[in-house]
Amino acid sequence: MRSMENIYICLASPIVVSILCLRREWRKSMIFILAGMTGYLLAAYVTSFFAGLIGCDTVITSHAISPAVEEVIKFLPIVFYLLVFEPKRRDCSNALLLVAVGFATFENVVFMTYYGAADLLDVLIRGFGTGAMHELCCCTVALGVFLLWDQPWLRAMGTFAFLCTAITFHAIFNIVVSGSTFSMWVGSAIPITIFGIYLAFFHKKL
């Protein structure tokens, strides 16, 4: 785990410097990206804790524990942002996507560090697939925020339902990409395709 902390320090340092230098409207974006990267590090700790507590192997951890932990932790900065600053819906949606960007970026760097980056095609597929998956999951949660956050009686239950949907999709993605190389390609193509459809038809409506 020590190398992961070193990677985090290396990636987070220029972002912290930029936060200190940028103007207020730009600073917020970098803070959310940093929150996403920090969330991945925290998710790794929490996942390892539960895996050790339950006694799961790496495969079960990736399929059953990681999706739930990661999606919940990605959503925590947004909950804080919603409750404390009461932003507009568009700002909240953008914040969710930026958290996902930071999270996916750090995850991809850690993956390449541990498993190598010799095959450019696999790296491209992994990079775009993982990025699209995390952002698609955040878009799912953002949809719940858009539709339900102004209705207190549906806020908690409805947001939880959308969060569970994101967790389920994340788990399916992890299961599919953990197979053969072809399975990884297919699994990565699914979120890329869905995210492309979202950008083409629904992005401007939110």
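Listing for the model above:
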| quantity | calculated |
| --- | --- |
| J(HN,Hα) series, the stretch 13-20, from Karplus relation 6.51 cos²θ - 1.76 cosθ + 1.60, nearest Hz, glycine and proline x | 4, x, 5, 4, 4, 5, 4, 6 |
| Whole-number percent relative contact order across the stretch 90-206, with pairs defined as alpha carbons under 8 Å at least 6 apart | 29 percent |
| The chain, relative contact order [Cα under 8 Å, separation at least 6], % | 22 percent |
| Which of Pro87, Thr38, Leu143, positive extreme of dipole for the chain (C-beta unit charges) | Pro87 |
| Per DSSP, loop trypsin sites (Lys or Arg not before Pro) in the stretch 1-42 with at most 14 further Cβ within 10 Å | Arg23 |
| Shape call, the stretch 1-87: gyration tensor on alpha carbons, a/c limit 1.5 | oblate |
| Centre separation in Å (Cα based) which lies between the stretch 22-91 and the stretch 162-176 | 15 Å |
| Student exercise, the stretch 100-206 dipole from Lys, Arg, Asp, Glu Cβ charges, in Debye to nearest 20 | 280 debye |
| Size of electric dipole in the chain: Cβ of Lys, Arg +1 and of Asp, Glu -1, about Cα centre, debye, nearest 20 | 700 debye |
| Shape category assigned to the chain from the gyration tensor of Cα positions, a/c cut at 1.5 | rounded |
| Positive-end residue of Phe201, Gly55, Thr168, charge dipole of the stretch 2-205 with Cβ unit charges | Phe201 |
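Just so you know, all these numbers are worked out from the coordinates, no wet-lab data involved. Computed from a predicted model, the values in this text were never measured in an experiment. Reconstructed Cβ throughout: ideal geometry from the backbone, glycine too, with neighbour counts over all protein chains shown.
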